[in-house]
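What follows is a short report on a single structure.
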Amino acid sequence: MSGYLTAELGDELVGNFIKLRRDAATLTLERAVAGKFVEVFVQCLQKLAADKYDEKPDVDAYLSKHAENQTALPEGIRVCGARLARFIYTLRNKRNIAHKNPVDPNRFDFALAHEGAAWIMAELLRNATGVSMQEAGALIELVQTPVGTLVEEIDGVRLVHADASVRGEILLLLHSHYPERVGSADILRTMSGRSSGSVRNRLGELKAEKRLVGDSKAGYRLTQTGYSEAVETIRRVLQSRAA
């Protein structure tokens, strides 16, 4: 979406959406992410409406008083997107979106915020590319790790539930953390059923192929190429399950 917005805004919006998706998938909720996603969305609206945006926008004021008057914006984004964003922002501010106990109802608030953010992303993608809403939604779904099916977190350790190679398991694990880095000790702990030598060798190969960056000290994160391969790995795993 960098051509539709700017590279900076596109990266920030996608990065925050991925964090929302990650938190929904692993139930490790971060209250600040929802608010940051909405703040960047407001900057996107400002950019699309006036070709400029505030460094620190008044989020609630813009969404409640200005967004729907910006007739240069597509109606879906201007009306539905703005109202959804304000709803997400209200959940973030007025409800305690934090993980307190196994039956905390606020985790459902967060799941609802995540679905709203996915709708906003699909609508932006639809307007940026000209594809249908159904196609845009399918693209958004493709870059998400399905909740509770491929990655599970127990006592701080993420487990990959997929019939995949060592390389594929590394990609799926790093995808679930993207865009954050993962230390080699955490990778080895997650993949304790694999040979540590094989894991280290695959990490070296992926780094040489520029699928990931980092090292054993700083941790590893996927590059754009690596992220694309991880998405393709997810697609193959899901197809094999559906067959």
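Table: residues versus (1) under 22 Å from Gly226 (Cα atoms); (2) at pLDDT below 80.
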| site | (1), (2) |
| --- | --- |
| Asn127 | no, no |
| Ala138 | yes, yes |
| Glu141 | yes, yes |
| Leu174 | yes, no |
In this structure, is Lys36 at pLDDT 85 or above, under 29 Å from Leu159 (Cβ atoms) and open to solvent by 50 Å² or more (accessible area, probe 1.4 Å)? yes
Residues in the stretch 201-230 that are open to solvent by 30 Å² or more (accessible area, probe 1.4 Å), aliphatic (A, V, I, L, M) and in a helix (DSSP H, G or I): how many? 1
Going by the structure shown, is Gly168 over 20 Å from the mean Cα position of the chain (by Cα) and more than 20 Å from Asp11 (Cβ to Cβ)? no
Tabulated pairs, the stretch 2-13, first closer than 18 Å to Ile77 by Cα, second surrounded by fewer than 18 Cβ atoms within 10 Å (Cβ to Cβ) and hydrophobic (A, V, I, L, M, F, W, C), C-beta under 7 angstrom, 6+ apart or interchain: Tyr4/Ala128
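The values are calculated or read from the model by the stated rules, or taken from the named source; none is laboratory data. Only a predicted model underlies this, so the values are computations on that prediction, with no experimental measurement involved. No Cβ is skipped: glycine too gets one built from the backbone with ideal geometry, and neighbour counts run over all protein chains shown. Accessible surface areas use protein heavy atoms only, side chains included; no ligands, DNA or RNA. Shrake-Rupley method; radii C 1.70, N 1.55, O 1.52, S 1.80 Å.
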